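The values are calculated or read from the model by the stated rules, or taken from the named source; none is laboratory data. Since we're looking at a predicted model, the values are computed, not measured. Every residue, glycine among them, receives a Cβ derived from its backbone with ideal geometry; neighbour counts consider all protein chains shown. We work out accessible area using only protein heavy atoms, side chains counted, and drop any ligands, DNA or RNA first. Shrake-Rupley method; radii C 1.70, N 1.55, O 1.52, S 1.80 Å.
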Amino acid sequence: MKFTLSWLKDYLETDASVDEIAEALTGIGLEVESVENPGEALKPFKVAKVKEARQHPNADRLRVCDVETEDGLVQVVCGAPNARTGMTGIFAAPGTHIPGTGVDLQVGSIRGVESAGMLCSERELMISEEHDGIIGLPGEFAIGTPAAEALGLDDPVIDIAITPNRPDALGVYGVARDLAARGIGKLKPRVVEPVQGTFKSPIDDSLKFDGDTSPCPMFVGRYFRGVSNGPSPDWLQKRLRAIGLRPISILVDITNYVTYSHGRPLHVFDAKKVTGNICARLAEPGETLLALDGKEYEFDDSMTMIADDAGPEAIGGIMGGELSGCTEDTTDVFLEAAYFDPIRTATTGRKLGILSDARYRFERGVDPLFVEPGAELATRLILDLCGGEASDLIVAGRAPVNERSYTLRTTRVKDLGGIDVPADEQKRILSALGFEVTETGDGFECSVPSWRPDVHGEADLVEEVCRIVGLDTIPPAAMSRDYAVARPVLNTLQRRMLAARRELAGRGLNEAVTWSFQPEEHAVLFGGGSADLKLANAISSELTDMRPSLLANLITAAGRNMDRGFADVRLFEVGQAYAGRAPEDETLNAAGIRRGNTGSRHWEQASRAVHAFGAKADALATLEAAGAPVQSLQVVQGAPGWFHPGRSGTIQLGPKNQLGWFGEIHPRILNRLDVKGPLVAFEVVLNRIPDRRKTSAAKAPFDASDLMAVTRDFAFVLDNDVAADKVIRAAKGADKALITDVSVFDLFTGASIGEGKKSLAIEVTLQPRERTLTDEEIDAVAAKVVQQVSKATGGVLRG
């Protein structure tokens, strides 16, 4: 929210400096983001007078000007057609940086004549696009007067951040009210005198809803005839430009001015382009409108329209239509002031992808009692600046006022806010903010003003008093401790989250933080898309569903990186995923993706493409770091449908507790997400890791044997569908006391093995603890390994 200092002083009597005002604004919760003084950029430029302008001896279109400056008489060669003797302009001396051109002035020679400076145009000073001639100042100005002062540009611009609960501060008058309550000046009364109409409006307005008028409970209109619509007066254009708005015409500029002055959006229609009467209604599915932004929008039956007898003319509370827009030829105008439902306005704006000043205010909640006064303010401005005459005001519906009051006990400011504020000061502050305050036996009965939709109880009244007094006045106080030594504050799931993040970062993946929302089509691909996961008030038409998996957002993030030339992508995220509405349907997942090659190009070895076993290693490392019993985990074939069916697996603790999945993402999924593969991924559910059993026994010390380990190799002929994990588990079970490790080191298939068969070679490590093993003991363990593997898999020892 931007405004100028002079604009603020239209409503606030104050002698405070801009720095004092900025400090007070931040103190009352309207955080100042910036204070820009346009006069600073124009500081080097000064007023000068052309003593004589004569024809350049060597150029028909140049003139040589003798210019009186604060440093004396200088000669300037000027190409402006309006350069003339006696004019007063803006001079830039050598060494000055010209913002409009980016040039640093130097003394030079132009067609053989020395030039020591410049007479500037408005575009060269970046105050407008005007460049047909140099600036000619009307009136009398002393030579050397700062250009900003002469041009009326010495007005600081203040930009404040407005929280969503403070729509009353989206108008300069609301900001002035808060400052007055703080004691920074006195608020000027806002007197709105009704304008008596001189004729009956030929256009009527109405509300056409089936019983429920909540989409637009009040519609106020007024017809003007004989107006003159041209450029706005200089003061109005300067104010709009200062806050970043482009002046368009008097009629449009008046609506913008009232919007920013009083937080009251308005719209004007060219009355001659309106067919019949105007009404507020819900759109018919499939109706379209060419809006003022030049885009055509299609509507559904949840969206509020302002329509005439021919069809939609504006999107209620958001934007007008181009066909009924006002132009310089407009002579008859219909003014609209209405109240639109905040939720419906926000939903419509998000569906259509439109963010306008009107929507920004309506979706936060404008003052419902200022609809008619806002129309009267605009009426006076239109008549004063455009001429013409106004009709009687026509009103449809009534304001949706939510009258409420709350009791503030005078002791609650101290109890809740920690600030000791006298009762009289509490009353003064609330009264200055617009509350109607009545003294009661134990405090004040406070009636909430219509422009404060955020106040809903005694605690909110305490907050109002505290923020005006100043939160920086709250005295510091030490927090009490329940224990002399701080106890752990993280729960098991939080510790797992931190451990997973640390492990994945250590494995070379980059952490990503993505939305918990995603498009419906993405949610459907990953097992979501149900009605339970739809957002009631989505922040965007592309973020409509809660995510059932972290992978969709990570894969699309990889696609965006690839579009920017990063082919090798390694990303992970630890966050919530959602399977339904119930609390237990929300899980904490850790997921990661790898795309491209495992490493960069190197002279010593060729890079290798990512593969499913890399994702498996990531998943197992994450589970181990999070405390899962990795030695007891089973890896089985199969995974959810978004994985490649032949290149994926599931990690589980028995068939009823699946801890995660890994593998290549299915090409069909990558095509739908517009990401080029192959891409491998994993996702584990940290909630499903069983808690470690608590035991009173002391943890066994690290037991390292000083005896040499013994290894034996075995090769088994197995059916092709026998998983290697089954062989490993069977071999480990042959002697759990001696066998410390089993690993696969070879896989062979071929005609010599037989059709449908494979040879799988494993290395078994035996670690004696008490004494060196004899050959007979080693052979006995080997025989148990062969027996266990044969029993579990049906395989035979390869000869």
* Structure fact -> Between (i) -0.17, -0.26, -0.88; (ii) -0.32, -0.49, -1.07; (iii) -0.33, -0.49, -1.16, the structure-derived log10 I(q)/I(0) by the Debye sum over Cα atoms at q = 0.04, 0.05, 0.09 Å⁻¹ is (ii)
* To do: With a Förster radius of 30 Å, plug the Cβ-Cβ distance of Ser743 and Glu770 into 1/(1 + (r/R0)^6) and report the FRET value to the nearest 0.05.
  => 0.75
* To do: Provide the gained length on full extension for the span Ser607 to Asn58, in nm with one decimal, where the gain is 0.36 nm per separating residue minus the Cα-Cα distance.
  => 190.6 nm
* To do: Using a 10 Å Cβ count of at most 11 others and DSSP loop calls, identify the longest part of the chain lacking such chymotrypsin sites (Phe, Trp or Tyr not before Pro).
  => 200-482
* Structure fact -> Expressed as a percent, the accessible surface of the chain that is carbon or sulfur, using a 1.4 Å probe and the full set of protein chains, is 49 percent
* Label-to-label distance, nm, for residues given as Asn537 and Asp779 (7 Å Cα→Cβ offset) -> 8.1 nm
* By how many nm would the segment from Asp104 to Trp235 lengthen if fully extended, with 0.36 nm per residue of separation less the alpha-carbon distance? -> 44.1 nm
* Which of the trypsin sites (Lys or Arg not before Pro) across the stretch 403-509 are loop residues per DSSP, with 10 or fewer other Cβ within 10 Å? -> Arg481
* To do: Go ahead and collect, in residue order, the members of the stretch 449-464 whose backbone nitrogen is under 19 Å from a label point 7 Å along the Cα-Cβ direction of Thr407.
  => 456-463
* Structure fact -> Expressed in µm² per second, the diffusion coefficient of the stretch 1-62 from the Stokes-Einstein equation, with Rh the Kirkwood radius over alpha carbon pairs, at 20 °C and 1.002 mPa s, is 135 µm²/s
* Fully extended contour minus Cα-Cα distance, from Gln75 to Ala477, at 0.36 nm per residue -> 137.8 nm
* Check each of the GluC sites (Glu not before Pro) in the stretch 401-443 and keep only those in coil by DSSP with at most 15 other C-beta atoms within 10 angstrom; list them in order. => Glu403
* Roughly how many nanometres apart are two label points built 7 Å out from the Cα toward the Cβ at Glu436 and Asp719? -> 8.6 nm
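How many Å² of accessible area per residue for the stretch 141-276, probe 1.4 Å? Walk me through the intermediate numbers first.
On the way: 5440 Å² over 136 residues.
That works out to 40 Å² for each residue.
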* Asked: Per residue, how much accessible area does the stretch 505-551 show when a 1.4 Å probe rolls over the protein heavy atoms, in square angstrom?
  -> 49 Å²
* Can you pull out the trypsin sites (Lys or Arg not before Pro) in the stretch 564-625 that DSSP calls coil and that have at most 13 other Cβ atoms within 10 Å? -> Arg564, Arg581, Arg601, Arg608
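Let me check against my output: what whole-number percent is the relative contact order of the stretch 191-271, with C-alpha pairs under 8 Å and at least 6 apart?
Computed over the stretch 191-271, the figure is 18 percent.
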* Structure fact -> Under the 7 Å Cα-to-Cβ spin-label approximation, Thr587 and Glu140 lie apart by a distance in nanometres of 8.5 nm
* Calculated FRET efficiency for the pair Leu416/Val796, C-beta based, R₀ 45 Å, to 0.05 -> 0.05
